[in-house]
Amino acid sequence: MAHVKVTDLAFGRLQSPSLDEAEEFLLRFGMVRADRTADALYMRGTDPNHHIHVTHLGPSRFIGLCFFVDDEDQLNGLAKAPGATGIEHVDEPGGGKRVRLTDPHGYQMEVMCGMQQLAALPVRDNPVNTGDNKLRRAGVLTRLQRGPSQVKRAAHAMIMTQNAREKMRWYREMFGLVCSDEVYVEGDKNKVIASFNRCDRGETYVDHHTLVCIEGPQTGINHLSFEAQNIDDVMLGHQYLKQAGKYKHAWGVGRHVLGSQVFDYWNDPWGRVHEHWADSDMLNIHAPANLLPAEEGLDSQWGEPAPQEIIAHAVP
Ligand SMILES: [Fe+2]
């Protein structure tokens, strides 16, 4: 029985040696500054959450993740879990209440409710005449304004670890995550190298995955992932980051098999990979967990297959 059922990823916390360089990258990536203090940067998306990405000033490192729950009753449940803090008032921009835990890797996991909600930001109007609805913008021309992607929300994180399937159990037990898909190698169903897990919101449909553990030589964050508005928005963002000429592209554009998102991956100035995606598979509690070979599950439906560099990538 899980201690709590989280409803979504709220944000990831990174530490970076320069808030200026962090902000420059995240603006190019398509976020908007929500707040900045002397030693921390809070970036938002177009959805109302106060922030979806936090950067603390200091040597590059991955600090941890924060998930949402609906209310304080849920936090009370989690506060009884082994190693959990009591309920804390969050003393930083965006406020809210939280419970903190240390995960099996030593990363800080937070679960919060009551984050400040801001007005949603305007987005490009982008109806598409396609398939069985060729008249979504009958008589109206598409003229997309070039610029960064318009990141909507924080979506998921992938953590590299050893014995990924075992490690995933801790997150499932604490946060109520459920398995969507696991992949194995060498034709051996016991050699699971990645576990894709989603939130349990009962009948409500959620993203195919919110937290992934992947097997690898190092321990750290493989990537943080953010939902873009749509496929055009992913492509506009790709072009805009490419034009900057200073950020390393990691993988994409393509369409995943597991989750089916149209994706694009970029390194921040310290090699922490940030993903844009649009068009996820949406599942509810009735979807069964699947086990499939890695060459099938980690492939792309179109676009290049995953380069070895991203498969083996992790930043502690
Ligand atoms: Fe991803």
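Take Ile310: with every protein chain present and a 1.4 Å probe, its accessible area is about 10 Å².
Based solely on its DSSP helices, what 222 nm [θ] is calculated for the chain when runs of n ≥ 4 H residues each add -39,500 (n - 2.57) and the sum is averaged over all residues, nearest 500 deg cm²/dmol? Kindly include the intermediate steps, with their values, before the conclusion.
Numbers: 6 runs with 53 residues, N = 316.
That comes out to -4500 deg cm²/dmol.
Among the protein heavy atoms, those of Thr37 account for about 50 Å² of accessible surface (1.4 Å probe, every chain in place). A dipole drawn for the chain from +1 and -1 charges on Cβ atoms has a positive end, and of Leu26, Pro59, Ile87 the residue lying farthest that way is Leu26. Beta bridges assigned by DSSP with both partners in segment 65-193 are antiparallel in approximately 70 percent of cases. Each of Lys167, Lys191, Lys246, Lys80 has its accessible area taken with a 1.4 Å probe; listed largest first, they run Lys80, Lys246, Lys191, Lys167. Rounded to the nearest 20 debye, the dipole size of segment 229-316 about its Cα centre is 360 debye, using +1 on the Cβ of Lys and Arg and -1 on the Cβ of Asp and Glu.
Using C-alpha pairs under 8 Å with a sequence gap of at least 6, the mean separation divided by the residue count of segment 234-316 gives a relative contact order of 30 percent. Given the options Pro104, Gln145, Pro305, identify the residue whose Cα lies farthest towards the positive end of the charge dipole of the chain (+1 on Cβ of Lys, Arg; -1 on Cβ of Asp, Glu). Among Pro104, Gln145, Pro305, the one farthest towards the positive end of the dipole of the chain is Gln145.
Rounded to the nearest 10 Å², what accessible area does Ser260 show when all protein chains are kept and the probe is 1.4 Å? In the full protein context, Ser260 sits at about 20 Å². Across segment 1-138, the relative contact order, built from alpha-carbon pairs under 8 Å that are at least six residues apart, equals 24 percent. About its Cα centre, the dipole of the chain is roughly 520 debye, where the only charges are +1 on Lys and Arg Cβ and -1 on Asp and Glu Cβ. For the chain, averaging the sequence separation of C-alpha pairs within contact (under 8 Å, six or more residues apart) and dividing by the residue count gives a relative contact order of 18 percent.
Charges were assigned to the Cβ only: +1 to each Lys and Arg, -1 to each Asp and Glu. The resulting dipole of segment 46-185 about its Cα centre is roughly 740 debye. Of the residues Ala155, Leu118, Val4, the one whose Cα sits farthest toward the positive end of the charge dipole of the chain, with +1 on the Cβ of Lys and Arg and -1 on the Cβ of Asp and Glu, is Leu118.
Taking Thr102, Thr85 and ordering them by how much accessible surface each has at a 1.4 Å probe, largest first, produces Thr102, Thr85.
The values are calculated or read from the model by the stated rules, or taken from the named source; none is laboratory data. Keep in mind the model is a prediction, meaning the values are calculated, not measured. Every residue, glycine among them, receives a Cβ derived from its backbone with ideal geometry; neighbour counts consider all protein chains shown. These accessible areas exclude ligands, DNA and RNA; they are computed on the full protein's heavy atoms, side chains included. Shrake-Rupley method; radii C 1.70, N 1.55, O 1.52, S 1.80 Å.
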